Amino acid sequence: MTTTLATTTPTPSATPPHPATATTRPRTPRPRTAPGGPAGTRPRGPAGTHPRTTAPPRALPPHTVFAERLLAVFSGERPVHWMLGHTVGEAYEQLVRIAPETPLRSLGPRPVLRRCSVQVHEGRAVVEAFATIATGPRVRAMAFRLERGADHRWRCAAVELDGLGATARRT
């Protein structure tokens, strides 16, 4: 008796085997850090975008800085003499007169500067500013005048809060 074994020859497949399965070299361990650097330092965002460069924070304009300073004095966070080097003329006396009697010193929510706008006069050496201050649901008005001195520093020359200030009568 004769037995014949049929041998089949493998036919080439249409797609070649995956390179990782075709090689027998040992796998190298993956690095623990991401290609961009240590973990957590890769830029976030859609692929292919460049990381944003952080620009330095912009300096606030002088009228906003003074509005925040005046608000700190009116609310009692800072003493009146904190503004001594930042005032000129009668503005300091106005602050001494207004600050103790202002309603912004009351207990309750902290006053917040909502808006501050300016009107520039006389070759940009004088600025008249107004600001709105929110204390809870209540909104108050503050107006002040800034003058630039010969040393190019801004100083407060006049201040009013809710109509108290330059036009208020002395008692």
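The values are calculated or read from the model by the stated rules, or taken from the named source; none is laboratory data. Predicted, not measured: the structure shown is a model, and the values here were computed from it. Glycine gets a Cβ as well: all are built from the backbone with ideal geometry, and neighbour counts include every protein chain shown. Areas reflect the complete protein model, heavy atoms only, side chains present, ligands, DNA and RNA absent. Shrake-Rupley method; radii C 1.70, N 1.55, O 1.52, S 1.80 Å.
Among the listed residues GLY108, GLY45, GLY123, identify the single one that is modelled with pLDDT under 90 and assigned to a helix (DSSP H, G or I).
Within the list GLY108, GLY45, GLY123, the selection yields GLY123.
From the list ALA67, ALA157, pick out the single residue that is of a type in the set (Gly, Ala, Ser) and assigned to a strand (DSSP E or B). Lay out the reasoning, then the answer.
On the way: ALA67 fails: assigned to a strand (DSSP E or B).
Matching residue, one of ALA67, ALA157: ALA157.
As an exercise: evaluate GLN94 against (1) free of Cβ contacts under 8 Å to residues at least 60 places away in the same chain; (2) not in a strand (DSSP E or B) and give the number of the one condition it does not meet.
Here GLN94 meets the rest and fails (1).
When only residues in the range 55-105 that are open to solvent by 70 Å² or more (accessible area, probe 1.4 Å) and within 16 Å of ILE133 (Cα to Cα) count, which is nearest to the chain's Cα centre (by Cα)? Walk me through how you get there before you give the answer.
Let us first name the residues in the range 55-105 that are open to solvent by 70 Å² or more (accessible area, probe 1.4 Å), namely 55-60, 68, 77-78, 81-82, 84, 90, 93, 96, 100-101, 105.
Right, trim to within 16 Å of ILE133 (Cα to Cα) and you get 68, 77, 105.
Working: GLU68: 15, GLU77: 21, ARG105: 26 Å.
Among those residues, the one meeting the criterion is GLU68.
Any idea which of (1) touching a residue at least 24 places away in the same chain (Cβ under 8 Å); (2) more than 26 Å from the chain's Cα centre (by Cα); (3) surrounded by 14 or more Cβ atoms within 10 Å (Cβ to Cβ) is the one ARG124 doesn't satisfy?
So ARG124 meets the others, but not (3).
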